[in-house]
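Just so it is clear, none of the values below were taken in a lab; they were calculated from the coordinates. What you are looking at is a predicted structure, and each value in this text was computed from that prediction instead of being measured. Backbone-built Cβ (ideal geometry, glycine too); neighbour counts: all protein chains shown.
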Amino acid sequence: MINATNAQSIDLISPNWPAPANVSALQTTRTGGVSHAPFASLNLGAHVGDDAIAVAKNRQLLSHYLPSEPVWVNQVHGVEVIDAATSNHLQNADASFTTKANVVCVTMTADCLPLLLCDKSGTVVAAVHAGWRGLCDGVIEAAIHKMHVPPTEILVWLGPAIGPNAFEVGDDVREQFIEKDSQATLAFKPFDNKADGKWLCNMYLLAKQRLNKLEVTQIYGASEHESDDKNHSENFCTYTDEARFFSFRRDNITGRMASLIWLDSN
């Protein structure tokens with residue numbers, strides 16, 4: 001956990017992964033900003049109904065840790081991947097990549113799965129927003145394709161998302177994943193004995209399956225096996241950990257967290 005020494009305290013998670021020295025990454029929590037409930041307090045989403053001045057102040061607090069303004073995108077639960085270095089303002093996309101130093105790729109979430117990616121040589125980084133629709137339709141595959149490096153050279157960090165014991169979905173979601181990959185059956189378990197057609201969905205396992213199928217095996221961050229220890233550094237369930245994370249499923253009206261990655265200049 002990183003604590004700012006600026007006028008306002010801001011809590012950030014530093015991804016625990018063996019990224020190259022020139023790759024920097026950060027994950028925000030909900031703590032340390034100026035927004036009021038239900039967006040309390042470090043809401044970085046300008047599209048959720050929060051006061052625009054508060055969002056701007058929160059982004060300013062975050063800027064102390066970044067080499068440049070993040071390349072914010074308009075996330076639409078699709079598979080579009082953009083080059084952050086040449087992006088237009090608020091372009092529709094659910095992933096971005098860059099090979100340029102000091103260009104900050106970012107994804108915002110409040111239950112959806114954020115992925116940060118880099119290669120072992122530190123030549124390219126990417127940030128991916130994987131809600132269940134984008135995950136099912138191939139946003140991870142699309143981002144890796146754009147990175148133009150062998151998948152075996154890619155490192156992935158999985159950030160905070162709704163956990164496997166909290167994400168309830170219907171038959172339709174399960175069937176769409178299984179149509180793409182029969183292995184996906186392992187990522188769904190019945191919600192309970194009384195709720196016919198309801199399932200608990202493990203997005204971490206679904207993401208890992210997709211990555212492994214591409215021969216990406218160096219995967220860090222949250223595990224598909226949720227820990228019982230709420231203080232465990234990689235127990236990242238946004239739904240159950242109200243103190244640290246925003247959750248759309250839990251609160252409906254809420255803020256957004258950011259997962260950020262960039263290449264440092266030499």
Once you have a ≥ b ≥ c as the square roots of the Cα gyration tensor eigenvalues for region 36-112, tell me rounded if a/c is under 1.5, and otherwise prolate or oblate according to whether a/b is larger than b/c.
-> oblate
Evaluate the charge dipole of region 119-201 about its Cα centre and quote only its size in Debye, nearest 20, assuming +1 on the Cβ of each Lys and Arg and -1 on the Cβ of each Asp and Glu.
-> 220 debye
Return a whole-number percent for the relative contact order of the chain, with Cα pairs under 8 Å and 6 or more residues apart as the contact set.
-> 24 percent
Would you mind computing, in nm to one decimal, how far apart the modelled labels at Asn165 and Thr217 are, each placed 7 Å from Cα along Cα→Cβ?
-> 3.0 nm
Roughly how big is the chain's charge dipole about its Cα centre, with Cβ charges of +1 (Lys, Arg) and -1 (Asp, Glu), in debye to the nearest 20?
-> 360 debye
Global geometry of region 1-140, whether rounded, prolate or oblate, following the gyration tensor of its Cα atoms and the 1.5 cut on a/c | oblate
Sequence-separation-based contact order of region 91-234, relative, with Cα cut under 8 Å and 6+ spacing, percent | 23 percent
With the Cα gyration tensor of the chain giving a ≥ b ≥ c as the square roots of its eigenvalues, does the rule (a/c under 1.5 for rounded; else a/b larger than b/c for prolate; else oblate) give rounded, prolate or oblate?
-> oblate
Can you give the extra length, in nm with one decimal, that the chain gains between Ile53 and Ala85 once fully stretched, where that is 0.36 nm per residue apart less the Cα-Cα distance?
-> 8.9 nm
Obtain the nm distance between the two label points defined at Gln176 and Arg133 by a simple spin-label model: each point lies 7 Å from its Cα along the Cα-to-C-beta direction.
-> 0.7 nm
per DSSP, antiparallel bridges as share of beta bridges in region 33-154, % nearest 5, sits at 75 percent
Listed highest first by mean packing, meaning other Cβ atoms within 10 Å per residue, what order do 103-113, 126-136, 89-99, 68-78 come in?
-> 103-113, 126-136, 89-99, 68-78
